[in-house]
């Protein structure tokens, strides 16, 4: 039974002990606000930016399944993004010569230029965020969030 759960009932009730913040709720709300602001400020959804970043730093063409695994989403979602990006001229796709069902993707020159612009805007946004809480607090928050992410990964057993 979890912390704060009522005993002797089939329904588990969670109660806070006092006026402490609802930590997970605040993380979710902050994530939603930051992703909305990120998309508005840099001009693309955060999911598109994450995919473009993986492609920009890849040292070779990357398969859709590998991208999906690194992003923690299903391959169909990656394929939809890749299809859109291909129509926009942002990626180039090539078939695996050994297995025609597999495709490899890389950013086109246009895609790389766009990523660099978006990446610069993301750093501008980060600087504006640090003006609110300060550089030191920003570094502490990033470190703490990394620790939480690593802890949750150990619970899932995937180590990501």
Degrees between helix 109-133 axis and first principal axis of the chain (Cα, 0 to 90, nearest 10): 20 degrees
Computed label-point distance, nm, for sites residue 77 and residue 120 using a 7 Å Cα→Cβ extension: 3.0 nm
The chain, relative contact order [Cα under 8 Å, separation at least 6], %: 17 percent
Label-zone membership for segment 108-151, site residue 61, 7 angstrom Cα→C-beta point, backbone N under 11 Å: none
Largest-first principal axis extents of the Cα set of the chain (Å): 61, 42, 23
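Give, in nm to one decimal, the length gained when the segment between residue 27 and residue 102 is fully stretched (0.36 nm per residue of separation minus the Cα-Cα distance).
23.3 nm
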Listed residues 63, 89, 134, most fluctuating in the chain (Gaussian network, C-alpha, under 10 Å): 134
Projected label distance in nm at residue 142 and residue 17, using a 7 Å step from Cα toward the beta-carbon: 3.3 nm
Over the chain: helical MRE at 222 nm, DSSP H runs n ≥ 4 each giving -39500 (n - 2.57), nearest 500: -21000 deg cm²/dmol
Taking segment 44-127 and dividing mean pair separation by its residue count, relative contact order in percent (alpha carbons under 8 Å, at least six apart): 31 percent
Net lengthening on full extension, residue 36/residue 112 (0.36 nm per residue, minus Cα-Cα): 25.0 nm
Cα Rg, Dmax (largest Cα-Cα span) when computed across segment 44-127, Å: 12.8, 46
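Every number here is computed from the coordinates shown, using simple stated rules; none is lab data. Please read all numbers here as calculations on a predicted model, not as lab measurements. As a convention, Cβ positions derive from the backbone with ideal geometry for all residues, glycine included, and neighbour counts pool all protein chains shown.
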